[in-house]
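For reference, the structure discussed in these notes is given below.
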Amino acid sequence: MTLDRRSFLKLAGAGVGAAGLPMIGRAAELMPKGAKRVVVVGGGYGGTIAAKYIRMMDKSIEVVLIERNDHFVSCPFSNLYIGGVIKDLNPLTIKFDKLAANHGVKVVQAEVTGIDPAGKVVTTSKGTVSYDRLVLSPGVDFRLEEMKGYDAAAMEIMPHAWKAGPQTVLLRKQLEAMKDGGTMVMTVPLAPYRCPPGPYERASMVAHYLKKNKPKSKLVVLDANPDITSKGGLFKKGWKDNYEGIIDYRPAKKVTEVEPGKMTVLIEGLEDVKGDVINVIPPQRAGQIAVAAGLVGEDKNWCPVNPTTFESTKQAGIHVIGDACVAGAMPKSGYSANSEAKICATNIVALMNGKETTEMSGINTCYSYITDKEAVSVAAVYAVKEGKIIAVPNSGGVSPADFSAAKMEAIYAESWLKNILTEMST
Amino acid sequence: MAMKWKKWALATSVLAVSAIAQAAPPSAAMLSNACAGCHGTNGGSAGPSMPSLASQSKTAIVDAMKKFKSGERPSTVMGRLAKGYSDAEIEAMGDYFSKQKFHATSQAVDAAKVKKGSDLQEANCSRCHLDDGKDGKDDTPVMASQWLPYLQMQMELYQSGKRKMPEKMAEKVKPLSKEDIDALLHFYASVK
Ligand SMILES: Cc1cc2nc3c(=O)[nH]c(=O)nc-3n(C[C@H](O)[C@H](O)[C@H](O)COP(=O)(O)OP(=O)(O)OC[C@H]3O[C@@H](n4cnc5c(N)ncnc54)[C@H](O)[C@@H]3O)c2cc1C
């Protein structure tokens, strides 16, 4: 028996479940498309905001948000959980029900498994969804081929905790179970990776925990980069003032292989380092779905985009935001993803209404905690110049070197998290 | 004919280039949306220490931004950010946030302090902070429903001399006790 597309759709529309159909090589259309539809993939820092702002700006556009999980756990502040400063992940967890209730975003919990740019259809684990424009904010996946031995089983022994959730909880548990006098090893990949200051904030929070609870223990940081990649001066001062003798920072040590059975990591085949707890942060690239759709550039890792619309330069009609894209000078952060999502939403609404687009203006701020009560930040304003996103000259920068604002910044940082997660979920 | 062809090709290629470059300069909404990651959607902050900007007096926002930019007003992060904007862009954002819906908050305030603050503000603050702090006139900011920890942190900056208090406000603030000031801030935070 064969079905042409139309009668198949009729069948699907009549409520025949996909499971009850013969194999026809095409999944059921999940929801028939009306006049104007944007599909957003990924319910994290970028995707939720793109979905919400498109609806805020134009109610005539139907927005379908597809996310594999029924909730999202924030990476920002997950280092504080690992360090025991916050006790559970609830304040970092959002649901999507209010995006639906308040803005009419149609939320679908499914895995997106394929994209057909010519047919303008995405395939999901639940059926296909067609679109007029597609927004991808899938975050990152790992370049496991550059970290020998680091497979799914190894991740359960040496967690990455670079996607928040069960991995974060696992690392916290391992740290709690470690004996006093033990050694934790952390590996940092070459930049660019998600959240430049993130590894160093993690080192600070781990050291904070060790100092308080296991003062004879050590943290060895094996950094593939020649130096700390963000807020270097501030981290070094913070570590000297608070964690002398606890953090052993070793630059230019690129870990390329792990041996979970021996609790060992290997540095370019030259040197091995043992740990009682090992946190491997592998090299990264754009989320797999963006790679599969042919959106990555020459580097094979990240997706080049138009700096005004965030439309892929590789495929028309597909926009990429957040960690997965190359947004000029904007770093791979949650704040950047939030800002990029709004720029993208504004211009998608313009394009779909045949209106003139608007040049981007964006912000990034990343707060990093050094102790439980002190945080430092890096901030910048971004604009387009000669077709490239640049940091506006003579603006931005890092917190004062003497930590004079660090206590206030720790207070404001908490409110930043609250506000950005509220933006994403209401 | 050949010449014409060349001209045509040139014209279309110029068109193609300008079609890419053709985008309006950042609008007030484009500029302001970037602030919302900290200050909340449309400037309505979920708190507890980040100030709301929604329905703030335009002049108060513009004044604050210019003082952040010059360093006259102390800040943790706003100075670094304000330096990224022209005066015209600051005006546009001030205008945008002043037109957003007032963001009423429900904060944990002390009822006795609210009562005391309500009595004190009549004589001491209401000349400038009009209508229980709901009306922000010119450079006087709206304080109604502003987050209490924010108001407390700003008052500390004033009293330590780091943020310069308007002279006439200082005359009123100086004679008041710590408890009086605390009560006043509880009052303003409670106003909806
Ligand atoms: C430890 C740590 C600390 C950090 N701290 C900060 C900080 O303080 N400040 C800051 O600004 N940034 C911080 N970041 C960075 C921040 O987490 C990321 O930059 C941000 O999450 C990027 O947003 P995104 O939308 O690109 O991806 P994400 O937020 O990761 O969202 C991607 C979503 O897409 C979903 N998805 C992916 N593929 C599919 C698919 N095929 N089908 C269905 N769903 C899919 C995923 O499940 C996920 O929910 C930190 C990161 C880490 C690791």
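The values are calculated or read from the model by the stated rules, or taken from the named source; none is laboratory data. Source: prediction; values computed, not measured. Counting neighbours? That spans all protein chains shown, and the Cβs are built from the backbone with ideal geometry, glycine included. When the accessible area is computed, the model is the full protein with side chains, heavy atoms only, and any ligands, DNA or RNA have been set aside. Shrake-Rupley method; radii C 1.70, N 1.55, O 1.52, S 1.80 Å.
Taking the centroid of alpha carbons for each part, the range B:101-132 and the range A:168-206 are 46 Å apart. Projecting label points 7 angstrom from Cα along Cα→Cβ for A:Glu356 and B:Leu176 puts them 4.8 nm apart. A DSSP coil position with no more than 14 other Cβ atoms inside 10 Å describes the following GluC sites (Glu not before Pro) in the range A:137-244: A:Glu244. Shape class for the range A:258-387: oblate, because the ratio a/c of the largest to smallest gyration tensor axis (alpha-carbon atoms, square roots of eigenvalues) is 1.5 or more and b/c is at least a/b.
Close amide H partners of A:Ile278, meaning residues 5 or more places away or on another chain with modelled amide H under 5 Å apart, are A:Val185.
In chain A, a dipole from Cβ-located charges (positive for Lys and Arg, negative for Asp and Glu) runs towards its positive end, and of A:Ala350, A:Thr308, A:Phe403 it is A:Ala350 whose Cα lies farthest in that direction. Report summary: the helix-based calculation at 222 nm, which adds -39500 (n - 2.57) for every DSSP H run with n ≥ 4 and divides by the residues of chain A, gives -8500 deg cm²/dmol. Helices in chain B, meaning DSSP H runs of at least 4 residues, each add -39500 (n - 2.57). Divided by all residues, the mean residue ellipticity at 222 nm is -17000 deg cm²/dmol. When a/c is below 1.5 the answer is rounded, else prolate if a/b is larger than b/c, else oblate, so apply that to the range A:318-409 with a ≥ b ≥ c taken from the square roots of the Cα gyration tensor eigenvalues. Taking the square roots of the gyration eigenvalues as a ≥ b ≥ c, the range A:318-409 is prolate.
The trypsin sites (Lys or Arg not before Pro) found in the range A:211-271 that occupy coil by DSSP, while having at most 12 further C-beta atoms within 10 Å, are A:Lys216.
With a threshold of 32 Å on the Cα-Cα distance, the over-threshold entries among A:Lys126/A:Lys355; A:Lys173/A:Lys418; A:Lys214/A:Lys253; A:Lys231/B:Lys66 are A:Lys126/A:Lys355. At q = 0.09, 0.13, 0.19 Å⁻¹, what is the base-10 log of I(q)/I(0) for chain B according to the Debye formula with one equal point scatterer per Cα and no solvent? Please give it to two decimals. Here the Debye-derived log intensity ratios amount to -0.40, -0.70, -1.36. The B-A contact accounts for roughly 3200 square angstrom of buried accessible surface, both chains included, probe 1.4 angstrom.
As a ratio to 2.2 N^0.38 Å, the alpha-carbon radius of gyration for the range A:149-283 is 0.96. Exceedance of the 30 Å cut-off in Cα-Cα distance is limited, within the set B:Lys69/B:Lys134; A:Lys163/A:Lys262; A:Lys388/B:Lys162, to A:Lys388/B:Lys162.
Here the spin labels are modelled as points 7 Å beyond Cα on the Cα-Cβ line, and at B:Phe102 and A:Lys373 they lie 3.8 nm apart.
Residues of the range B:65-99 buried by at least 20 Å² of accessible area upon assembly of all protein chains, compared with the chain on its own (1.4 Å probe): B:Thr76, B:Val77, B:Arg80, B:Leu81, B:Lys83, B:Gly84, B:Tyr85. Pairs with C-alpha atoms separated by more than 18 Å, drawn from the list A:Lys87/A:Lys373; B:Lys116/B:Lys168; A:Lys385/B:Lys58, are B:Lys116/B:Lys168; A:Lys385/B:Lys58. Taking Cβ atoms as reference points and 13 Å as the exclusive limit, the residues near A:Thr422 contribute a net charge of +2, counting Lys and Arg as +1 and Asp and Glu as -1. Scattering from the range B:111-190 was approximated by placing one identical point on each alpha carbon and applying the Debye formula without solvent; log10 I(q)/I(0) at 0.12 1/Å stands at -0.29. Shielding by partners for peptide A:352-359, expressed as the average number of C-beta atoms from other protein chains within 10 Å of each residue's C-beta, is 3.
Prolate is the label for chain A, because a/c, from the alpha-carbon gyration tensor with a ≥ b ≥ c as root eigenvalues, is 1.5 or above and a/b exceeds b/c. The residues packed around A:Pro159, meaning those with a beta-carbon under 11 Å from its beta-carbon, carry a net charge of +2 if Lys and Arg are +1 and Asp and Glu are -1.
Expressed as a whole percent, the accessible area of the range B:111-190 that falls on carbon and sulfur atoms is 52 (1.4 Å probe). FRET efficiency for the A:Asn394 to A:Arg250 pair, using the beta carbon distance and R₀ = 45 Å, is estimated at 0.80.
Listed by chain and number, the aspartates and glutamates placed with their C-alpha closer than 18 angstrom to that of A:Lys211 are A:Glu176, A:Asp180, A:Glu201, A:Asp241, A:Glu244, A:Asp248, A:Asp276, A:Asp372, A:Glu374; residues fewer than eight positions away on the same chain are left out. Applying both filters, DSSP loop and at most 11 other Cβ atoms within 10 Å, to the trypsin sites (Lys or Arg not before Pro) of the range A:330-363 gives A:Lys355.
Calculate the spin-label point distance for A:Lys300 paired with A:Ala191, positioning each point 7 Å from the Cα along the beta-carbon direction, and give it in nanometres. Once both label points are built, they end up 2.4 nm from each other.
Please find the FRET efficiency linking B:Ser70 to B:Asp135, where r is the Cβ-Cβ separation and R0 is fixed at 25 Å, and quote it to the nearest 0.05. Calculated value: 0.40.
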